[in-house]
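A.B. asks: Before I ask anything, here is the structure I am working with.
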Amino acid sequence: MSRKVVRTSKFRHVFGQGVKADQCYDDIRISQMTWDSNFCSVNPKFVAMIVDASGGGAFMVLPLSKTGRIDMSYPTVCGHTGPVLDIEFCPHNDNIIASGSEDCSVMIWEIPDGGLTTSLTDPVVKLDGHSKRVGILSWHPTAHNVLMSAACDNVVILWNVARGEEVVRIDTVHTDLIYSACWNRDGSRILTACKDKFLRVLDPRKGTVLLEKEKPHEGSRPIRAVFVSDGKILTTGFSRMSERQVALWDPVSNFGEPLTLQELDTSSGVLLPFFDPDTGVVYLCGKGDSSIRYFEITDEAPYVHYLSMYSSKESQKGIGSMPKRGLEVNKCEITRFYKLHERKCEPIVMTVPRKSDLFQEDLYPDTIGPEPSVEADEWFQGKDAPPIMISLKDGFVATTKAKEFKVHKSLLKTTTASAGNQQDSSGEVQSLRKEVKDLKAAIEELTKRVSELESKH
């Protein structure tokens, strides 16, 4: 009788590799704040990192191609008056990024194509509504211009960014600090983990608790939770003996007991989970670790199967993950992380080894594209819509420029009056102004010279 010894999986041999030194982003002073967010956000155009700033808070946005040593004087986004704690690019517009800060505000910024030419201090929209520092931001996956923010005042707010207004305020549910908050695949549910040791599934529009689980992990250290496929929930936390754990839950059939709970090690850093719905692989990146573990989630016991581990010498201060549409499919790259060191950002490529150069359909099913499937107002009125999928077969091609431009314009046009004068903040206008100023100065110089020469004759 033949016995299957090793589980068959196409992801068993996934391996991670750091890129060459000249493809890293060097000489960037990454923020020293002790806060358990990613500190990094990436999309197919830019990589953004929270940096050290003297007075106030700042983050840096670099075009992906700007590798190598970054000059000390490189412009930053520095409009916050306190340290920046979290940043996230909008999934529907690669030039829009949100930032949350210790100054209790959330700001939305527009980054011009090609990156910043001068430092950006005026946001497109400023969202005020929290009374303590804002540490968690998450854009809605399918609705256009809907942003969730969670702060140390134990409040979750859902914003209509285009109008610059708070629409839903969930302030009676959490009794303590919120550790993590995220959406499910179509944005019809919110999942939060809280210091009061409850895991909660919320209805985002009503702000009501649909399901809750007390003490998913026995330890008192921070818990992270994400939705994975089929409505299941993956959590990372600590045991009573401070061992790090990962657990999988099925809230629909039995929220009382985990499907599986595994102990990993005794490190103290919080494990940040990154789940890839296309492959079913979850990557656990510990803050302060020098390794990234990855597991495959399947329907057969023990449900969470350990695959392998990427190890390096240096610990990660933060980490960002590239959306699928920004990967190189011809190299069988299934994800790319941007790992923050103390003084640099290093891309790490996760690859499935394949001999063929052809498009591997089994590795790249249709994935979530950048088009929103519902507008903010419709979503707040109750309309849910699944994400609009795209194929990666011929590489991802962006939609027409005109459409993207319209998004910017509508976002600017419908914001509050205070944002009316901020349209100048795009880099193009600033560079034109500078050019005009220089030309005026040159003309003045020449006029002076002509009059001097005339007076001589």
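A.B. asks: How much of the accessible area of the range 31-165, in percent, comes from carbon and sulfur atoms when a 1.4 Å probe is used?
C.D. replies: Ligands and nucleic acids excluded, carbon and sulfur reach 46 percent.
A.B. asks: List the lysines whose Cα lies under 23 Å from the Cα of LYS197, skipping any in the same chain that are fewer than 8 positions away.
C.D. replies: The qualifying lysines are LYS132, LYS206, LYS213, LYS215, LYS232, LYS287.
A.B. asks: Continuing with the same structure: Could you state the principal axis extents of the C-alpha atoms in the range 1-83, from the largest down, to the nearest angstrom?
C.D. replies: Per principal axis, max minus min of the Cα coordinates gives 70, 29, 20 Å.
A.B. asks: Express the Stokes-Einstein translational diffusion coefficient of the range 107-197 in µm² s⁻¹, to the nearest whole number, given a Kirkwood radius over alpha-carbon pairs, 25 °C and a viscosity of 0.890 mPa s. Kindly include the intermediate steps, with their values, before the conclusion.
C.D. replies: On the way: Rh = 14.3 Å.
The Stokes-Einstein estimate is 172 µm²/s.
A.B. asks: Further, regarding this structure: Work out, step by step, the length gained on full extension between VAL167 and SER253: first 0.36 nm times the residue separation, then minus their alpha carbon distance; give nm to one decimal. Let's see the in-between values first.
C.D. replies: Details: separation 86, 0.36 × 86 = 30.96 nm, distance 3.23 nm.
Contour length minus the Cα-Cα distance gives 27.7 nm.
A.B. asks: On alpha carbon coordinates alone, what is the Rg over Rh value for the range 151-224, Rh being the Kirkwood radius?
C.D. replies: With Rg and the Kirkwood Rh in hand, the quotient comes to 0.98.
A.B. asks: Accessible area per residue, 1.4 Å probe, Å², for the chain: what's the number?
C.D. replies: Ligands and nucleic acids excluded, the result is 46 Å² per residue.
A.B. asks: Order these peptides, 364-372, 280-288, by their mean beta-carbon neighbour count within 10 angstrom, highest first.
C.D. replies: By packing density, highest mean first, the sequence is 280-288, 364-372.
A.B. asks: Sort the range 1-141 into rounded, prolate or oblate with this rule: let a ≥ b ≥ c be the square roots of the eigenvalues of the Cα gyration tensor; rounded if a/c is under 1.5, and if a/c is not under 1.5, prolate when a/b is larger than b/c, oblate otherwise.
C.D. replies: Judged from the Cα gyration tensor, the range 1-141 comes out prolate (a/c at least 1.5, a/b above b/c).
A.B. asks: Let me know the volume per residue of the alpha-carbon convex hull for the chain, in Å³.
C.D. replies: 183
A.B. asks: Compute the angle between helix 427-456 and the longest alpha-carbon principal axis of the chain, please, reported from 0 to 90 degrees and rounded to the nearest 10.
C.D. replies: 20
A.B. asks: Oh, and also: As a check on your grasp of the helix formula, calculate [θ] at 222 nm for the chain: sum -39500 (n - 2.57) over DSSP H runs of n ≥ 4, divide by the residue count, round to the nearest 500.
C.D. replies: Computed ellipticity for the chain at 222 nm equals -3500 deg cm²/dmol.
A.B. asks: Okay, moving on. What order, most packed first, do the peptides 128-139, 240-251 have when packing is the mean number of other Cβ atoms within 10 Å of each residue? It would help to have the intermediate numbers written out before the result.
C.D. replies: Working: 128-139: 19.8, 240-251: 18.2.
Result, highest mean Cβ count within 10 Å first: 128-139, 240-251.
A.B. asks: How far, in nm, would the chain grow between THR175 and ARG29 when pulled straight, counting 0.36 nm per residue and subtracting the alpha carbon separation?
C.D. replies: Residue separation times 0.36 nm, minus the Cα-Cα distance, leaves 49.0 nm.
A.B. asks: Taking LYS195 as the anchor, which aspartates and glutamates have their alpha carbon closer than 13 Å to its alpha carbon, excluding any fewer than eight residues away along the same chain?
C.D. replies: LYS195 reaches ASP153, ASP176, GLU214, GLU218.
A.B. asks: When a/c is below 1.5 the answer is rounded, else prolate if a/b is larger than b/c, else oblate, so apply that to the range 67-162 with a ≥ b ≥ c taken from the square roots of the Cα gyration tensor eigenvalues. Kindly include the intermediate steps, with their values, before the conclusion.
C.D. replies: On the way: a/c = 2.14, a/b = 1.40, b/c = 1.53.
Note, shape of the range 67-162 comes out oblate.
A.B. asks: Compute the angle between helix 401-413 and the longest alpha-carbon principal axis of the chain, please, reported from 0 to 90 degrees and rounded to the nearest 10.
C.D. replies: Value to nearest ten degrees: 80.
The values are calculated or read from the model by the stated rules, or taken from the named source; none is laboratory data. Computed from a predicted model, the values in this text were never measured in an experiment. Reconstructed Cβ throughout: ideal geometry from the backbone, glycine too, with neighbour counts over all protein chains shown. Areas reflect the complete protein model, heavy atoms only, side chains present, ligands, DNA and RNA absent. Shrake-Rupley method; radii C 1.70, N 1.55, O 1.52, S 1.80 Å.
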